[in-house]
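Notes for the one structure printed next.
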Amino acid sequence: MKAVTIREAKACLNALVEAAERGEQIVLMRGSKHVAAIVPMSADDLELAPSLTDAQADRLWRQLHEERQAGTSVIFDSPERAVSFLRSVPDGADKPENRATRKRLNRARHR
């Protein structure tokens, strides 16, 4: 493990990143205090979860409740496909009075 000050890290950032790629760990220091680290990582270490807006999350929970009540479900093979589906559903589409949208949602469920 190598420790460098932030000033030193700014001057040789590329070399520090290359060292991390080789498996080394670099600790960044502000004065004599350890404040951050540059560490090696792989694609397996990095997982970015798709995010939902509050409105999308509300629709999701409402739809899950309705499907549970009706005995039907929509199953997605990935979080990304679920988010994509939710983004395609217009606001207010979960209201029973919106029959055209309800039909579209039912068709999408059976794809």
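Numbers at a glance
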| read-out | value |
| --- | --- |
| Subset of segment 27-55 (residues that are in a loop (DSSP other than H, G, I, E, B), modelled with pLDDT of 90 or more and surrounded by 10 or more Cβ atoms within 10 Å (Cβ to Cβ)) | Val39, Pro40 |
| Boolean, Ser32 is polar (S, T, N, Q) and within 23 Å of the chain's Cα centre (by Cα) | no |
| Selection from segment 57-95 of residues that are surrounded by 12 or more Cβ atoms within 10 Å (Cβ to Cβ) and modelled with pLDDT under 80 | Val74, Val89, Ala93, Asp94 |
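Yes/no per residue for (1) of a type in the set (Lys, Arg); (2) over 30 Å from Val83 (Cβ atoms); (3) touching an Asp or Glu at 6+ places or on another chain (Cβ under 9 Å):
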residue: Met1; (1), (2), (3): no, yes, yes
residue: Lys10; (1), (2), (3): yes, yes, no
residue: Asn14; (1), (2), (3): no, yes, no
residue: Ser42; (1), (2), (3): no, no, no
residue: Pro50; (1), (2), (3): no, no, yes
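The values are calculated or read from the model by the stated rules, or taken from the named source; none is laboratory data. Because the structure is predicted, anything quoted here is derived from the model rather than measured. All Cβ positions, glycine included, derive from the backbone under ideal geometry; neighbour counts span all protein chains shown.
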